[in-house]
Amino acid sequence: MAVRHGDKMTLVAFMQAGNASVYAGSWRHPATEHGYLDASYYAKIGRQLEDGCFDLMFFDDRLAMPGIYGGSVAEAVRYGARPVKLDLSVVLGVLAQTTSHIGLGATYSTTYYAPFHVARTFATLDHLSRGRAAWNVVTSVNDAEAQNFGVEAHLGHDERYDRADEFLEVVAGLWDTWDDDAIVHDRAAGIYADPAKVRELHYRGKYLSSRGPLTVPRTPQGRPVLMQAGSSGRGREFASRWAELIFTGDPGLEIARNHYADQKTRLADAGRDPASVRICPMAYAVVGESEDHAKEREAMLLNDLVDPIASLTLLSELMNYDFAQHDPDDPVTDELIASVSGIRGLVQNLRTHIGGETVTVRDLAAHRATLLQGPRFVGTGEQIAEQMAEWFHGDACDGFVLAATHLPGAFEDVVRLVVPQLQRKGLFRTEYEGKTLRDHLGLDRPTSTFRSTAAATTGSDA
């Protein structure tokens with residue numbers, strides 16, 4: 001039996017605040033609207049997703065143009081390989097005012113931002129959205145990003161997660177520095193807030209320190225929802241400690257089942273209730289009015305819209321390795337796997353997904369930039385709902401992070417044709433029943449863990 005909260009799917013819309021979705025050819029799609037520099041574009045998509053009762057729309061981010069391939073950003077710019085990335089705090093501010101129910105999430109890096117900044121940004125968003133904020137925690141390290149921030153040397157993979165643990169301790173501690181009832185607004189006595197209920201944090205760890213308190217009172221959700229997508233062993237340990245919604249990239253059903261079981265076990269071993277954490281793989285839904293129509297749409301997406309160089313450009317960004325030195329049909333050798341951080345799990349997944357032992361550079365690139373990064377559901381609305389139900393009932397997920405092949409049409413198709421079928425099957429809500437993102441996800445509102453300044457000084461009580 002699946003270890004999940006309730007019998008309803010979680011549906012998350014995977015967004016980019018830029019020229020292309022996670023599908024690199026989306027900007028070339030004939031139905032794509034190129035309104036990504038206009039606030040009304042994001043407002044329109046947000047309202048559309050609310051009509052479909054989605055739990056959350058969250059935005060991926062990078063802090064540089066893809067510039068690893070060939071040592072230049074030229075190919076990213078030429079082929080539209082996601083060279084545009086807007087400031088997400090502004091985009092989510094727009095959405096906080098133009099939507100009413102859907103959760104609003106953003107990716108922020110523990111490498112390039114300070115804990116106080118992240119704590120304040122998401123606490124502010126949680127207030128202004130009336131309890132709908134989520135933070136997707138990443139530890140991403142990429143040479144192009146590093147150069148934009150003047151970083152010359154990075155911590156190793158596992159040590160980067162060690163630092164991220166401290167980062168989360170600081171952020172969570174800062175969110176807890178205000179008690180829920182600290183503000184009294186006593187006009188007659190002239191007392192704004194009770195100083196005994198607003199505390200300094202005085203966190204000091206190996207990597208980070210912060211005095212506090214936060215300049216934003218405790219938020220409607222207590223804390224914004226925490227998302228995480230690490231798939232390595234250390235990444236899964238980190239998720240087991242912190243994540244409330246885990247975003248995965250499992251391309252096949254059996255891979256997803258194994259990942260789901262492993263992560264739920266890790267959550268239990270960490271002393272957390274596995275049912276309290278949602279695990280959602282990224283997926284594409286290619287919807288048609290008929291099965292033949294859907295397959296025609298799929299064929300166009302697979303064959304016509306993503307230039308191979310765009311694929312290699314994005315693969316180089318992901319792996320922080322210049323694939324321009326390889327022919328696309330070169331096999332991925334053990335030597336290459338050993339030399340490129342993060343590639344091993346991707347190769348293993350692809351071998352399982354496509355069969356055989358040989359994976360080429362072209363295979364890897366297609367996985368990153370086309371429709372191979374997660375499951376691809378193709379068909380009518382009813383057929384896609386059946387495919388999604390197979391994963392949900394098959395102990396492979398608690399829902400899905402749906403990526404768009406084009407915007408806003410891909411989400412329009414899902415809301416119009418797929419969501420009603422999921423609702424008919426009793427797998428998805430027909431209306432929002434709560435006010436906050438935690439309500440949508442069935443998550444408890446956390447109580448403050450701040451007990452005393454002396455305990456927080458040790459760095460273990462945040």
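The values are calculated or read from the model by the stated rules, or taken from the named source; none is laboratory data. Computed from a predicted structure; not experimentally measured. We place every Cβ from the backbone using ideal geometry, glycine too, and count neighbours over all the protein chains shown.
Quick one: which helices (runs of 4 or more DSSP H) sit completely within the stretch 233-324 and have at least 2 residues that are touching a residue at least 24 places away in the same chain (Cβ under 8 Å) and touching a Lys or Arg at 6+ places or on another chain (Cβ under 7 Å)?
Passing ranges, in order: 233-242, 253-269, 308-319.
With the condition being closer than 30 Å to GLU200 by Cα and not hydrophobic (A, V, I, L, M, F, W, C), I'd like the helices (runs of 4 or more DSSP H) fully within the stretch 384-452 carrying at least 1 qualifying residues.
So the answer is 437-441.
Within the stretch 2-19, is even one residue charged (D, E, K, R) and closer than 19 Å to PRO83 by Cα?
Among the residues of the stretch 2-19, not one is charged (D, E, K, R) and closer than 19 Å to PRO83 by Cα, which makes the answer no.
Somewhere in the stretch 50-70, is a residue under 22 Å from ARG132 (Cα atoms), surrounded by fewer than 24 Cβ atoms within 10 Å (Cβ to Cβ) and among the small types (Gly, Ala, Ser)?
yes
State whether one or more residues within the stretch 246-267 are of a type in the set (Val, Ile, Thr), in contact with a strand residue (DSSP E or B) (Cβ under 6 Å, 6 or more places away or on another chain) and modelled with pLDDT of 95 or more.
Yes, because at least one residue in the stretch 246-267 is of a type in the set (Val, Ile, Thr), in contact with a strand residue (DSSP E or B) (Cβ under 6 Å, 6 or more places away or on another chain) and modelled with pLDDT of 95 or more.
Mind listing just one residue for me: the one in the stretch 131-168 that is modelled with pLDDT under 85 and of a type in the set (S, T, N, Q) and, of those, farthest from the chain's Cα centre (by Cα)?
ASN142
Can you tell me which residues in the stretch 73-113 are aliphatic (A, V, I, L, M) and touching a helix residue (DSSP H, G or I) at 6+ places or on another chain (Cβ under 6 Å)?
Selection gives ALA76, ALA81, VAL91, LEU92, VAL94, LEU95, ALA96, ILE102, LEU104, ALA106.
Of the residues that sit in the stretch 275-301 and are surrounded by fewer than 16 Cβ atoms within 10 Å (Cβ to Cβ) and touching a helix residue (DSSP H, G or I) at 6+ places or on another chain (Cβ under 9 Å), which one is nearest to LEU437 (Cα to Cα)?
Here the answer is SER276.
Could you list all residues from the stretch 333-360 that are crowded, with 21+ Cβ neighbours inside 10 Å and modelled with pLDDT of 80 or more?
Of everything in the stretch 333-360, just one residue is crowded, with 21+ Cβ neighbours inside 10 Å and modelled with pLDDT of 80 or more, namely VAL359.
Residues that are buried (at least 21 other Cβ atoms within 10 Å of the Cβ), assigned to a loop (DSSP other than H, G, I, E, B) and touching a residue at least 40 places away in the same chain (Cβ under 8 Å): does the stretch 30-37 have at least one?
yes
Report yes if SER21 is of a type in the set (Ser, Thr, Tyr) and not in a helix (DSSP H, G or I), otherwise no.
yes
Would you confirm whether any residue within the stretch 257-274 is in the same structural domain as GLY381 (by TED's automatic domain parsing), more than 23 Å from the chain's Cα centre (by Cα), on the phi > 0 side of the Ramachandran plot and surrounded by fewer than 19 Cβ atoms within 10 Å (Cβ to Cβ)?
Yes, the stretch 257-274 contains a residue that is in the same structural domain as GLY381 (by TED's automatic domain parsing), more than 23 Å from the chain's Cα centre (by Cα), on the phi > 0 side of the Ramachandran plot and surrounded by fewer than 19 Cβ atoms within 10 Å (Cβ to Cβ).
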